[in-house]
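A.B. asks: Mind having a look at this structure? Questions to follow.
The values are calculated or read from the model by the stated rules, or taken from the named source; none is laboratory data. As the structure is a computational prediction, the values presented were derived from the model and not from experiment. Neighbour counts are summed over all protein chains in view; Cβ atoms, including those assigned to glycine, are modelled from backbone coordinates with ideal geometry.
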Amino acid sequence: MRPKLNTMRLTENVEMLEVKLPNGGIYHPTLTWDATHLVLFDTGTPDAVPYFINAIKAAGFNPKDLTDIILTHQDLDHIGGTLDLLKMAPNAKVYAYEVDAPFIEGKEMPTKLARQEQRLKSGEITETDPFYHFLKEGFSKVYLTVDVKLSDNEALDFCGGITTIFTPGHTPGHATFYLNSSKLMICGDAANVEANKLIGSNPAMTWDNEQAEQSLAKIKSYNLNGAICFHTGFLKL
Ligand SMILES: [Zn+2]
């Protein structure tokens, strides 16, 4: 069955995409744009790329026109489609927070893979463990160069202004992005929507729960019209 495509226009230059995978997975990447930029936040797992392309087209854009790809953090389901999208838009610049960049570039072992390697060492899992295999295989094919390594409060001067906010916890170098003109927050996995409320990173998938809680409080301290969470979608505030 072909997954149904949905996109949600939040403001005149912000669109939340809904990327549904045949395995039931669902992602909410965001597009924002101005006269000279087309920006995508997060790229999904490698197998999701065809669905990303369809969703970008459903929103009225061409993936070839991407000028900037901003990655909220190092996880495979956020960086995995980047190389394939760069084949279509080879001049697009890739951004990530400076702390997570070495993991995305393969200079350090990604946090989630390192945790599985530990479990393997302690005998908790074997090499045939499906999640271990998925991460090990997946990451080996998607490491990429981060063109712009961002720091806290760094301002990007396109699409009405985008502010980088360091929100560690889910991973050591997770960042969220505040769209200055629309007052929308691109939360990645630092927040989730549940029962019409903004909650934190899923504890089972979190590197440091204490930092994650502080990061959620930081996100909530901004003057927000809404929050976009990669796995759980949009919350109007
Ligand atoms: Zn995720």
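A quick yes/no check of all residues on (1) over 29 Å from residue 15 (Cβ atoms); (2) β-branched (Val, Ile, Thr); (3) without any contact (Cβ under 8 Å) to a residue 40 or more places away in the chain:
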site: 118; (1), (2), (3): yes, no, yes
site: 123; (1), (2), (3): yes, no, yes
site: 130; (1), (2), (3): yes, no, yes
site: 141; (1), (2), (3): no, no, no
site: 151; (1), (2), (3): no, no, no
site: 165; (1), (2), (3): no, yes, no
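A.B. asks: Also, quick follow-up: If residue 184 passes every condition in (1) at positive phi; (2) away from the ligand (no atom under 15 Å from the Cβ) but one, which one does it miss?
C.D. replies: All conditions pass for residue 184, except number (1).
A.B. asks: Find the residue count for region 22-40, including only residues that are surrounded by fewer than 22 Cβ atoms within 10 Å (Cβ to Cβ), on the phi < 0 side of the Ramachandran plot and within 16 Å of the ligand (Cβ to nearest atom).
C.D. replies: Qualifying residue count, region 22-40: 3.
A.B. asks: Quick check on region 208-225. Is at least one of its residues at pLDDT 95 or above, within 15 Å of the ligand (Cβ to nearest atom) and touching a helix residue (DSSP H, G or I) at 6+ places or on another chain (Cβ under 7 Å)?
C.D. replies: no
A.B. asks: Identify, please: which residue in region 166-194 is assigned to a strand (DSSP E or B) and in contact with a helix residue (DSSP H, G or I) (Cβ under 7 Å, 6 or more places away or on another chain) and is, among those, nearest to residue 227 (Cα to Cα)?
C.D. replies: Going through the qualifying residues, I end up with 185.
A.B. asks: Right, another one. Restricting to region 1-55, give me the number of residues that are of a type in the set (Asp, Glu), under 24 Å from residue 93 (Cβ atoms) and in contact (Cβ under 8 Å) with a residue 12 or more places away in the chain.
C.D. replies: 3
Quick grid of which residues meet (1) over 14 Å from the mean Cα position of the chain (by Cα); (2) buried (at least 18 other Cβ atoms within 10 Å of the Cβ); (3) aromatic (Phe, Trp, Tyr):
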residue	(1), (2), (3)
142	yes, yes, no
156	yes, yes, no
170	no, yes, no
180	yes, no, no
184	yes, yes, no
190	no, yes, no
196	yes, no, no
202	yes, no, no
